[in-house]
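The values are calculated or read from the model by the stated rules, or taken from the named source; none is laboratory data. Since this is a predicted model, take the numbers as computed values, not measurements. Quick reminder, even Gly has a Cβ in these numbers, built from the backbone with ideal geometry, and neighbours come from all protein chains shown.
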Amino acid sequence: MVRGLGEALLKNPYFRPHMETVVSGIRSTGNLHLGNYYGAVQNFVKMQNEYNCYFFIADLHSLTTHPTPANLHANVKQVLVEYLAAGIDPEKATIYVQSDVPEVTELYLYLNMNAYMGELERATSFKDKVRANPDNVNAGLLTYPVLMAADIIIHKATKVPVGKDQEQHLEMARTFGNRFNRLYNHDYFPEPYAFSFGESLVKIPGLDGAGKMGKSEGEGNAIFLSDTPEAIRKKVMRAKTDSGPTEENQTKPQEIQNLFDLMKVVSTPDTLAHFDHLYNTCAIRYGDLKKQLAEDMIIATAPIREKINDIANDAPLLRQVARYGAAKARESASKTIREVREIIGFRKF
Ligand code: TRP
């Protein structure tokens, strides 16, 4: 899958200089779930054919919460394995580990000199984290948006596929890039914007009857790509339901609509129509619906699950992918750093 470095790197057939650059960072916390897959990763897999894509595992960002060395490594590995299993192609996209590219931290330092306390303290995500963990308000947390800006503009990316919750961070990335440009009177960094590719993104609800699928929403709410069929069945059978429809064609309550929304993603249109009809005629048995949903989830995730197991056991492959990705990312990042140093005024004697 991955050829050697050197020549292949310089003559990467997938590098298209006329194409816009996409950057996205993936938090290295835990396993991918169906929400991540259908809401984001599937789009990455399509994007890699049409843009110069940089997808990286944000392990530096994860240091704000002080993982143990063993956990840090295990989490990074898990994410790498699952992205490869989901179809990110290291030949097409550049997939790398953030800490393998020290140029990012250098740019982060430069940008920090023009990031102001006030604006950093006002960031919503910072205020949320302070509220959630008042005993761990470290400077890394405060400057998280600066590191994120560095991640993006180091590759001069203009498109960033992220959710609504990252809009403010992107706005800050534009601010920091523009401020650099203004300070040095140089039209250097382009502005990055949020990017949703293809049709509007599918929202994947969780199994607890409330909001979207997420890993922090409690045990059993999320179906992970690495879950065994038994685990999937167990979680789906425990999903929240009500006591059933009482009138024909009534509006479905949230928790029932959620199950149908999940079905829309993993089942055939016929299956969906079948259960919809049963619901509308008050003839539905939720047990049957859940059984079908679980089996269709198992089928939909089977190819990825199998690849996860194979790739996780292939240490040489993982090493090769990580090295190749780091080399490609550093090629782009070191060019930027060379130019930035020149613009700032660091000159060789
Ligand atoms: N902050 C992002 C998140 O919480 C992760 C991230 C870090 C990121 N650096 C990035 C996303 C750069 C896009 C681009 O999901």
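Remarks
- Where Ile223 falls short, out of the listed (1) modelled with pLDDT of 95 or more; (2) in contact with a Phe, Trp or Tyr (Cβ under 9 Å, 6 or more places away or on another chain); (3) surrounded by 19 or more Cβ atoms within 10 Å (Cβ to Cβ); (4) not small (Gly, Ala, Ser): (2)
- Residue check, Phe189 in contact with a Lys or Arg (Cβ under 8 Å, 6 or more places away or on another chain), in the same structural domain as Leu109 (by TED's automatic domain parsing) and not hydroxyl-bearing (Ser, Thr, Tyr): yes
- Considering only residues in region 169-201 that are away from the ligand (no atom under 14 Å from the Cβ) and part of a helix (DSSP H, G or I), the one that is surrounded by the most Cβ atoms within 10 Å (Cβ to Cβ) turns out to be Phe180.
- Within region 156-178, residues that are touching a residue at least 12 places away in the same chain (Cβ under 8 Å) and of a type in the set (Ser, Thr, Tyr) have Cβ atoms under 8 Å from residues that are in a loop (DSSP other than H, G, I, E, B) and within 11 Å of the ligand (Cβ to nearest atom) in these pairs: Thr158/Pro192, counting only partners at least 6 apart in sequence or on another chain.
- Selection of region 154-168 for residues being more than 21 Å from Asn43 (Cα to Cα) and either within 10 Å of the ligand (Cβ to nearest atom) or surrounded by 24 or more Cβ atoms within 10 Å (Cβ to Cβ) (or both) yields only Ile154.
- Filter result for Asp151 (within 16 Å of the ligand (Cβ to nearest atom), in a helix (DSSP H, G or I) and at pLDDT below 95): no
- Single match in Tyr83, Tyr110, Tyr116, Tyr96 (criterion: assigned by TED's automatic domain parsing to the domain that holds Val321, crowded, with 17+ Cβ neighbours inside 10 Å and over 20 Å from the mean Cα position of the chain (by Cα)): Tyr110
- Yes/no for Glu217 being of a type outside the set (A, V, I, L, M) and either more than 21 Å from Pro145 (Cα to Cα) or more than 16 Å from the ligand (Cβ to nearest atom) (or both): yes
- Restricting attention to region 16-73, the residues being of a type in the set (Val, Ile, Thr), more than 15 Å from the ligand (Cβ to nearest atom) and farther than 30 Å from Asn133 by Cα number 1.
- Some residue of region 275-284 being of a type outside the set (A, V, I, L, M, F, W, C) and within 27 Å of Gln42 (Cα to Cα): yes
- Figure legend. Inter-residue proximity from region 325-339: first residues more than 13 Å from Phe55 (Cα to Cα), second residues in a helix (DSSP H, G or I) and at pLDDT below 95, beta-carbon distance below 8 Å, spacing 6+ or different chains. Indicated pairs: Ala327/Leu9; Glu331/Leu9.
- Boolean, Tyr144 is out of contact with any Gly (no Cβ under 6 Å at 6 or more places or on another chain) and either under 30 Å from Ala327 (Cα atoms) or modelled with pLDDT under 95 (or both): yes
- Counted residues, region 44-69 - those being in a helix (DSSP H, G or I) and touching a residue at least 60 places away in the same chain (Cβ under 8 Å): 8
- Against the list (1) surrounded by fewer than 16 Cβ atoms within 10 Å (Cβ to Cβ); (2) near the ligand (Cβ under 8 Å from one of its atoms), the condition Ala139 fails is (2).
- Single condition Leu109 does not satisfy, out of (1) within 15 Å of the ligand (Cβ to nearest atom); (2) out of contact with any helix residue (DSSP H, G or I) (no Cβ under 6 Å at 6 or more places or on another chain): (1)
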